[in-house]
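The values are calculated or read from the model by the stated rules, or taken from the named source; none is laboratory data. Note that the structure is a prediction, hence the values are computed from the model and not measured. For neighbour counting, all protein chains shown are included, and Cβ atoms are generated from backbone atoms with ideal geometry for every residue, glycine included. Each accessible area value is taken on the protein alone, full model and side chains, heavy atoms only, with ligands, DNA and RNA left out. Shrake-Rupley method; radii C 1.70, N 1.55, O 1.52, S 1.80 Å.
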Amino acid sequence: MNNPLIEVNGLASGYVKGLNILQGVDLVLKENEVVSIIGPNGAGKSTLLKAIMGLIPIFGGKIYFKGNELIEIKSHELVQKGIAYVPQVSNVFQSLTIEENLEMGLWSTKNEHSNLFKEIYSMFPILKEKRKERAGNLSGGQRQLLALGRALISKPNVLLLDEPSAGLSPKAINEVFQYIKSINESGVGILLVEQNAKRALSFCNRGYVLDQGRNAYTGLGKDLLKDKKVIDLYLGKL
Amino acid sequence: MLEQLGNGLLLGVIIALGSVALSLLYGVTRIVNFAHGEIIAFGAIMALFFSSSPDSSLLYLDRFSPLGINFLTSVILSILLCGVFGGLLELCLFKPLRKNNFGNIAVLVVTIGLSIFLRHIYLLFASAKPTSYILELQRREDYFGVQLTPRNVQVLIIGFAVMVLVGIFLTYTRTGKAMRAVRDSSDLASISGINSDYIILVTWIFSSMLAGFTGIIQGVINNVRWNMGFLILLLIFAGTVLGGIGTSFGAMFGGFIIGILVQLSVGLEFMDGHTEAKNAIALALMIIILLVRPQGIFGNKDRIS
Amino acid sequence: MSNNLLSVRSLKKRFGGLEAVNVDKFDLNKNEITSLIGPNGAGKTTFFDLITRFQNSDSGSISFDGKNVTSLNSYKLARLGMVRTFQLTRVFDRMSVYENMQFAGSSINNEGFLNSLIQSSSLKNQEKLLTEKINETLELLNLSEMKNAYARELSGGQKKLLELGRSLMKSPKILLLDEPLAGVNPKLSEQLLEIISNLNKNGINILMVEHNIDAVMKISERVVVMAEGKIISDGKPDFVRSDKNVIEAYLGSSDE
Amino acid sequence: MKKYIIAFFLLAISFMYIFLSNETGGARVFVNLMTFAGIYGLAAIGINVHFGWTGLLNFGHAAFMGIGAYTTVLLIPHSLGREGVVISSGLPLPIAILVGIVAAALLGLLLGLPTLRLRGDYLAIVTIAAAEIFRLLVRDFENLTGGVYGIIQFSDSLQNSRPDFITRFSESYDISPAQFWVGMLTWISIIVILLILSRLKKSPWGRALRAVREDEDAVRALGKNAVLLKLQSFMLGAAIGGLSGIFLVFNYGTVQASTFVPVLTFYVWAALILGGVGSLGGPALGAVIFWVIIASTDSISRFLFESPDGQQLAGVRFVIVGLLIMFFMIFRPSGILGKKEELLLDVK
């Protein structure tokens, strides 16, 4: 049951060789878990997701998916293996319609498509309503839903989410988190990077606090939320 | 004025096709390809090599004589060869450059070197003289007041049909949609499971085949020359810029406008005796468009700053 | 009115269907550190771009130091004393640290083509005088050792310092800092905050966008919160901290 | 220092090659080659101000060279090629040259104003188009420019100023005195211009151009007018191009529409990339080595074809030019003399 889906050992990575943003990060995501990654700006939270997804070069350490080491990761192959990723910015194809966006999420799978579309549309009715519109015309919240839909349509085992609440109104944030919860309940492991640390910690099973590209604190979400050091450093005394 | 319209339509279709191919490649790869004209010429020259009679006095390095096969087969073979050529360019040259993070400007300079290199390879291998395909001569007839030969009309119809097909391809096929997806964001495309390297390769092949087709049409309407691609490249740039670089529909439209404009301007009174300057007018129009609407008629503003 | 260094009225900017900035009224008092906070995508950087004239607004007016600058060129606005930094640090990579500073500090007059060709003795003198100011500023920022290094060799934090130092060479009336602490380690952050607060004591007004809430609350006299392009709260740190709007939109409540 | 030693050896080998491969008339070939190299080097220095200093992509240098040449030639005594009527009145040559240079700078202003706000690759397209417009207009307005028949009989204005000792020296070594004089003036101009440029490069203005090359937004944020700086750089480079165009037509002794074709610009670019983008003396050195390569391509042609005709000679030459541009841009973008630290690989 609780097998690790993703395991990261001593990961070192960055955009340019010699300037590692991640300097040896360890992390485990088990089945059915929501794990959140928090930390100050520049701690390497988004970089970690990009490195797992093969978007930036890795200079050290190892990444395992379902026990198999990922070597020379190509992003598009990861999608086939069952990892989906929703980046923070530019997460929809602006000049494509909603339907075409979802179709792109299906590129690598040979599954029967029409059912998958139906599933996504019943989950996000707003997308069905606007399926012929260009994604560039959607509001921020709707884009986030489309990005989620695009990632989910490939039926992933793991979903990497980079600040899904960024730039959204409180109402839209609630909605997005509702969705994330039900996605998780349907059996998808979730790795969540969030700026809204309190929300993230109260939402997740376990949390990792990163600082300057290294693990700073790790623990159950609710423990971290009460941990005095974490509060001092990253949550503020609010 | 009207007697020039026929020529305008013909030139328009050539430039529109060339612009679509250039614009597609730019959209997906961000390469401003100065060697585009040489791919156009490659198509035309290969078709000439396949179709001309073996005893004709084409140079081909004094060693190879033309093959003399059926014209339609020649056309298809040439277009396929253009696809292979484009694919090889991507695999052997542009993909390695991309993997080594070459900037757009450096790649642009490389395409200029490539263009000079290829063009003069053609000069060495093929005749420097303008040469026509072995097609019977036809007389111009009147179509609704426009003067064209029956073959011109065929070419126009086929040209338009190809453009419609390209439009359908981009709008409705999986690969076409993926091309537009990579154009929007190649990172997002790869995390959606699209192999962007593969799509870029397909784009190179597709764009080169389209360019080769453009060259053959140009050869049928006018003639084949080693530097025919370079001569028309600037007009293709003008068409692309006019329509909005990176948009296929805009490129079609812009290319067509440029073609018609160039030919119609021959009929203007102040152009009397200055036939060479007709291209200058189209190029000047491009500069003016850039001045007042740099993103082109259908272009997106984000693409220019 | 005379107390307002910068004042903005009904400033609007749309991107396609998205209303990026819609600020009714924003005045900046003299001699304060003002911080702009809000979730990502709230329009803070766009707002920065609009008031520094790096982007054109769709409508609205901006006045700076008593002048209407709504349609002024960005570089002219900078000459009036409004100097900005960028979220993604922008140093001149292939120039040395010293040259970066020199360029910022040298007068536009000396950069005139003819003056540079003739190189009168007054130009040479002015360039020499510059040396002193550069050395002082580099000293202040702890960058003296890196003086002759190419700017691209600096670490992320050092680049932030260089960008700040470059702005200081302009002797600005107001400094607009876009995330000065992003990607800077805690120790350097402390140092930067101290420098910023000293600058303010020396009469330079500061407006900054920053995510580090602790830092913001500690250093600012006034905090402005943006969300979805609008200003939703504005006041002293304590007030903002307890403002219900803010907690909901940005700081987040722990009750799910 | 190492690269200067390499450069020195390259030059030495080049010159030895010339004299060894031309047992008779080596001096003549040498002067011919050095004159062309000087002219192209001067033109490349102009593009270097654009691209190397400021990051501007100018692929229409032929137009700047052409407008300088035509303006000067039309202002001095000349005759139109087709009609052959000699127009014997005109301005004194130095003034005509000055006007020619100014005309080139003004064309730079005219082209720069609308386009310098745009992204780099747009400038490339616009400049190449402008050069083509220029060529087509020159070709078409025959009663002014002589069109394809060109302009002749203007060289005397320059050759009359040739000192006697040059003539005597040339004759004793079997060199064309006219070409020797043009070449000498060209290289003197290169030295003078490089002295001026080295002064400018170190000046606040030169520093500002480099800042523009690195990041225009940051330049603007510091209160500097980036567009004005780019415009000035564009005009300066254009003016230098204009001067090189003037020397080019005096070297030929005639000028036609076909003198200023787009490939001329590409030749100059090849010389620049070879020598080193951004370095001061690189373009001139690049031009010399470039011309040695070009001169030796003829033997390659003879190897490939038994008796190569003009078409084959030109073909082989340009194939090699194209290869050179690609090869250097890919494997050594800093050229022979460029600084490795200032590699242009990542220019966006």
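Based on the mean of other beta carbon atoms within 10 Å per residue, what is the order of D:19-27, B:158-166, most packed first?
B:158-166, D:19-27
Using the per-residue mean of other Cβ atoms lying within 10 Å as a proxy for protection, in what order, highest first, do the peptides D:285-294, D:324-333, C:77-86 fall?
With the highest mean Cβ count within 10 Å placed first, the list reads D:285-294, C:77-86, D:324-333.
What value, in deg cm²/dmol to 500, does the helix sum -39500 (n - 2.57) over DSSP H runs of n ≥ 4 give at 222 nm once divided by the residues of chain C?
Here the helix-only value at 222 nm equals -10500 deg cm²/dmol.
Output needed for segment D:2-342: three equivalent-ellipsoid semi-axes, defined as square roots of 5 times the C-alpha gyration tensor eigenvalues, in descending order, whole Å.
Ellipsoid half-lengths, sorted descending, are 30, 26, 20 Å.
For segment A:4-237, report the accessible area per residue in Å² (1.4 Å probe, heavy atoms, rounded to an integer).
Counting only protein heavy atoms, the per-residue value for segment A:4-237 is 41 Å².
How many angstrom lie between the C-alpha centres of segment B:203-245 and segment D:240-312?
Centre-to-centre distance over Cα atoms comes out at 28 Å.
Farthest toward the dipole's positive end in segment C:25-251, which of C:Gly157, C:Phe103, C:Val225, given Cβ charges of +1 (Lys, Arg) and -1 (Asp, Glu) about the Cα centre?
C:Phe103
What does the helix-only formula give at 222 nm for chain D: each DSSP H stretch with n ≥ 4 adding -39500 (n - 2.57), the total divided by the residues, and the result rounded to the nearest 500 deg cm²/dmol?
-23500 deg cm²/dmol
Provide a whole-number value for the mean count of partner chain Cβ atoms within 10 Å of the Cβ atoms in peptide D:321-333.
6
Pairing the Cα long axis of helix A:170-185 with the longest principal axis of chain A, what angle in degrees results, from 0 to 90 and rounded to the nearest 10?
90 degrees
Sort all Cα-Cα distances of segment D:158-258 into consecutive 10 angstrom bins from zero, then give the percent of pairs in each bin up to the one containing the longest distance.
The percentages, shortest bin first, are 13, 31, 23, 18, 11, 4, 0.
Could you give the dipole magnitude of segment D:226-348 about its Cα centre, charging the beta-carbon of Lys and Arg +1 and that of Asp and Glu -1, in debye to the nearest 20?
Result for segment D:226-348 is approximately 280 debye, rounded to the nearest 20.
Is there a simple number for the mean count of other chain Cβ atoms within 10 Å of the Cβ of residues in A:81-90, and what is it?
3
Would you please name the chymotrypsin sites (Phe, Trp or Tyr not before Pro) within segment D:160-252 that are DSSP coil residues with at most 15 other C-beta atoms within 10 Å of their C-beta?
D:Tyr173
Please work out the ratio of the alpha-carbon Rg of segment B:175-226 to 2.2 N^0.38 Å and round it to two decimals.
1.55
Do any GluC sites (Glu not before Pro) in segment A:68-106 lie in a DSSP loop with no more than 13 other beta carbon atoms within 10 Å, and if so, which?
Here the GluC sites (Glu not before Pro) that fit, given the DSSP loop and packing criteria, are A:Glu72.
Give me the 1.4 Å probe accessible area per residue for segment B:2-303, excluding ligands and nucleic acids, in Å².
Result: 38 Å² of accessible area for each residue.
What per residue convex hull volume, in Å³, do the alpha-carbon atoms of the protein assembly as shown yield?
196 Å³
Considering only protein heavy atoms and a 1.4 Å probe, what is the carbon-and-sulfur percentage of the accessible area of the protein assembly as shown?
In the protein assembly as shown, the share of accessible area belonging to carbon and sulfur is 57 percent.
What's the FRET efficiency of B:Lys99 with A:Lys30 using the Cβ-Cβ distance as r and R₀ = 30 Å, to the nearest 0.05?
Calculated value: 0.25.
How high is the relative contact order of segment D:2-342? Use alpha-carbon pairs under 8 Å, at least six apart in sequence, and give a whole percent.
For segment D:2-342, the relative contact order is 31 percent.
What is the average number of partner chain Cβ atoms found within 10 Å of a Cβ in A:148-159?
If you average over the peptide's residues, the count of other-chain Cβ atoms is 1.
Report the trypsin sites (Lys or Arg not before Pro) located in segment B:45-103 that are in a DSSP loop and have at most 16 other Cβ atoms inside 10 Å of their Cβ, or state none.
Within segment B:45-103, the qualifying trypsin sites (Lys or Arg not before Pro) (loop, at most 16 other Cβ atoms within 10 Å) are B:Arg63.
For chains C and D, what's the summed buried accessible area, probe 1.4 Å, to the nearest 100 square angstrom?
3100 Å²
Cα-based Rg (one decimal) and Dmax (whole number) for segment A:4-237, in Å?
17.3, 51
Given Cα pairs under 8 Å that are at least 6 residues apart, what percent is the relative contact order of segment A:4-237?
After rounding, I find 28 percent.
At a probe radius of 1.4 Å, figure out the D/B buried accessible area, summed over both chains, and give it in Å² to the nearest 100.
4300 Å²
Can you bin every Cα-Cα distance in chain B into 20 Å intervals starting at zero and give me the percent of pairs per bin, rounded to whole numbers?
The calculated distribution, bin by bin, is 33, 58, 8.
Compute the Cα gyration tensor for segment A:92-206, then decide on rounded, prolate or oblate, letting a ≥ b ≥ c be the square roots of its eigenvalues: rounded whenever a/c is under 1.5, prolate when a/b is larger than b/c in the other cases, and oblate in all that remain.
Oblate, since a/c reaches 1.5 and b/c is not below a/b.
For the protein assembly as shown, with the dipole built from +1 on Lys and Arg beta-carbon atoms and -1 on Asp and Glu ones, taken about the Cα centre, which of B:Ile216, A:Pro164, A:Ala135 lies farthest toward the positive end?
A:Pro164
Quick one: plug the Kirkwood hydrodynamic radius of segment C:25-251 (C-alpha pairs) into Stokes-Einstein at 10 °C, 1.306 mPa s, and report D in µm²/s.
My calculation gives 85 µm²/s for D.
With charges only on Cβ, +1 for K and R and -1 for D and E, what is the dipole size of segment D:2-342 about its Cα centre, in debye, rounded to 20?
1180 debye
Suppose a student asked you for the relative contact order of chain B, using Cα pairs under 8 Å spaced at least 6 residues apart; what percent would you report?
35 percent
Run the numbers on segment B:187-214: which residues show a drop of 50 Å² or more in accessible area, chain on its own versus all protein chains together, using a 1.4 Å probe over heavy atoms?
Going by heavy-atom accessible area, the residues of segment B:187-214 that drop by at least 50 Å² are B:Leu188, B:Ile191, B:Ser192, B:Gly193.
Counting only helical runs of four or more DSSP H residues, what would the 222 nm mean residue ellipticity of chain B come to if each run contributes -39,500 (n - 2.57) and the total is spread over all its residues?
-22500 deg cm²/dmol
What residues does segment B:112-157 have that are buried by at least 50 Å² of accessible area in the full protein assembly compared to the chain on its own, 1.4 angstrom probe?
Going by heavy-atom accessible area, the residues of segment B:112-157 that drop by at least 50 Å² are B:Ile112, B:Ile116, B:Phe117, B:His120, B:Leu124.
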